[in-house]
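Novice: Sharing a structure here in structure tokens format.
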Amino acid sequence: MATPKLPSVYNLIALDSVDSTNAEAKRLAARGEDDTPDGTLVWAGEQTAGRGRRGRDWDSPKGNLYCSLVLRPEVPIAEASQLSFVAGLAVFDALAALSEPGHEVQLKWPNDILLNGKKVAGILLEAETAEDQTPPWLVLGLGLNVGSHPQDTDFPATSLRFEGWGSTDTDVLEAYCRRFLLWSSRWLDEGFAPVRKNWLWHCRGQGEEISVRLENETITGVFRDLDEEGALVLDQDGKERLITAGDVYFTDA
Ligand code: BTN
């Protein structure tokens, strides 16, 4: 792994291999702020027990990007969860900056990044706190398929290499960290409104019929909006339903 050039607010911990960068970042964060300040970034060449959203595994061979950022924003958990959208925008901008013409980058609710219609990256935000409290730390994990991607996924996946990009994991990490700094300061200064607006500009499927796989059922409706807390607003025959967790599929695909 080449050494990345990162803004000085980041404190990089680079590892060849780890169970999960999120798990490692959580262990470090729990030691306290003096030991593990805001901006501590765990980056690993591979994960032996990478984790995705909703308890799934995250395929983590060498050659892709796996990183987790420890954040201590001192805001209640409901607001702090907006940071996953902040990260989505940072990944979007990073890929847009590295992209060659002719490629389409899009955001997919809640925290996926699509490249040419297929999933190239996912975000996992974790905190250990009661529902209405201010967490002492959050861990924001990003997995981005640089050199390879899994084949047997419900939603099609891709990698930068498969799409013909020459960027390395180090290039993407540098680009992401710079954009995350910009978007997170904007979020701290101006709140969720500009994040929500920009997220909606770059997302796939707004105004279209989608299906959403929930824990025990799959529902369909028109994807109308993202609410103030990041929930998906689904219009089911004129009745609005707020979705806080689920997997989106596009019916036009
Ligand atoms: C998703 O399900 O889309 C979220 C995937 C998040 C994967 C990343 S890889 C780095 C960090 N460590 C983990 O174990 N998971 C996240």
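Novice: Considering the options ALA29, GLN151, THR220, tell which one lies farthest towards the positive end of the dipole of the chain, charges being +1 on Lys and Arg and -1 on Asp and Glu at the Cβ, about the Cα centre.
Specialist: Result: GLN151.
Novice: DSSP loop (so not H, G, I, E, B), at most 14 other Cβ within 10 Å: list which GluC sites (Glu not before Pro) in the stretch 30-95 pass both filters.
Specialist: GLU33, GLU74
Novice: So, with +1 on the Cβ of K and R and -1 on the Cβ of D and E, and no other charges, what is the size of the charge dipole of the stretch 209-250 about its Cα centre, to the nearest 20 debye? Each step should come with its number before you reach the end.
Specialist: Values: 4 positive and 11 negative charges, 27 e Å.
I would put it at about 120 debye.
Novice: Please identify, among GLY63, GLY32, GLY221, the residue showing maximal mean-square fluctuation in a Gaussian network model of the chain using a 10 angstrom Cα cutoff.
Specialist: Comparing GLY63, GLY32, GLY221 in the GNM, the peak value goes to GLY32.
Novice: Also, quick follow-up: Relative to the Cα centre, what is the charge dipole magnitude of the chain, using +1 at the beta carbon of each Lys and Arg, -1 at the beta carbon of each Asp and Glu, and rounding to the nearest 20 debye? Intermediate values should be presented prior to the final figure.
Specialist: On the way: 24 positive and 41 negative charges, 103 e Å.
The calculation lands at about 500 debye.
Novice: Work from the charge dipole of the stretch 114-224 (Cβ charges, +1 for Lys and Arg, -1 for Asp and Glu, about the Cα centre) and give the residue of TRP183, ILE123, GLY164 farthest towards its positive end.
Specialist: About the Cα centre, the residue reaching furthest to the positive side is GLY164.
Novice: With r as the distance between the Cβ atoms of ALA97 and ALA193 and R0 = 25 Å, compute the FRET efficiency 1/(1 + (r/R0)^6) and round to 0.05. Let's see the in-between values first.
Specialist: Numbers: r = 24 Å, r/R0 = 0.95.
For ALA193 and ALA97, the calculated efficiency is 0.60.
Novice: Could you tell me the distance between the Cα centroids of the stretch 33-72 and the stretch 135-201, to the nearest Å?
Specialist: 13 Å
Novice: Another one. How many percent of the accessible area of the chain is carbon or sulfur, using a 1.4 Å probe?
Specialist: Working: 5320 of 11720 Å².
Within the chain, the accessible surface is 45 percent carbon and sulfur.
Novice: Between PRO61, GLN206, SER20, whose Cα lies farthest towards the positive end of the dipole of the chain when Lys and Arg beta carbons carry +1 and Asp and Glu beta carbons carry -1, centred on the Cα centre?
Specialist: Final value for the positive-end residue is PRO61.
Novice: Using a Förster distance of 22 Å, how high is the FRET efficiency between ARG56 and THR218, based on the Cβ-Cβ distance and rounded to 0.05?
Specialist: Numbers: r = 17 Å, r/R0 = 0.76.
That gives a FRET efficiency of 0.85.
Novice: Ok, one more. How much length is gained on full extension from GLU104 to PHE250, taking 0.36 nm per residue of separation minus their Cα-Cα distance? Write out the running numbers ahead of the final one.
Specialist: On the way: separation 146, 0.36 × 146 = 52.56 nm, distance 1.61 nm.
Fully extending the segment from GLU104 to PHE250 adds 51.0 nm.
Novice: Apply the Karplus curve 6.51 cos²θ - 1.76 cosθ + 1.60, θ = phi - 60°, to the phi angles in the stretch 201-210 and return the couplings in whole Hz, x for Gly and Pro.
Specialist: Rounded to whole hertz, the list is 4, 9, 8, 9, x, 5, x, 10, 6, 9.
Novice: Also: Cut-off 10 angstrom, C-alpha nodes, Gaussian network model of the chain. Which of ASP152, ASP225, ASP16 fluctuates the most?
Specialist: Among ASP152, ASP225, ASP16, the largest GNM mean-square fluctuation belongs to ASP152.
Novice: Enumerate the calculated ³J(HN,Hα) couplings along the stretch 110-125 in order (Karplus 6.51 cos²θ - 1.76 cosθ + 1.60, θ = phi - 60°), each rounded to whole Hz, writing x wherever the residue is Gly or Pro.
Specialist: Taking θ as phi minus 60°, the curve returns x, 9, 9, 10, 9, 10, 6, x, 10, 6, 10, 7, x, 10, 10, 9 Hz for the stretch 110-125.
Novice: Pick from ASP34, ASP169, ASP93: which is most flexible by mean-square fluctuation in a GNM of the chain where alpha carbon atoms under 10 Å apart are linked?
Specialist: ASP34
Novice: Suppose R0 equals 25 Å. What FRET efficiency, 1/(1 + (r/R0)^6) with r the Cβ-Cβ distance, do ARG27 and ALA231 give to the nearest 0.05? Don't jump to the answer; show the numbers that get you there.
Specialist: On the way: r = 30 Å, r/R0 = 1.21.
The computed FRET efficiency comes out at 0.25.
Novice: If DNA, RNA and ligands are ignored and the probe is 1.4 Å, what is the ranking of ASP252, ASP132, ASP19, ASP235 by accessible area, most exposed first?
Specialist: The residues order as ASP132, ASP252, ASP19, ASP235, largest area first.
The values are calculated or read from the model by the stated rules, or taken from the named source; none is laboratory data. The model shown is predicted, which means the values in this text are computed figures rather than measured ones. All Cβ positions, even for glycine, are placed from backbone atoms using ideal geometry, and neighbour counts span all protein chains on display. To get the accessible areas, we keep the full protein, side chains included, count just its heavy atoms, and leave off ligands, DNA and RNA. Shrake-Rupley method; radii C 1.70, N 1.55, O 1.52, S 1.80 Å.
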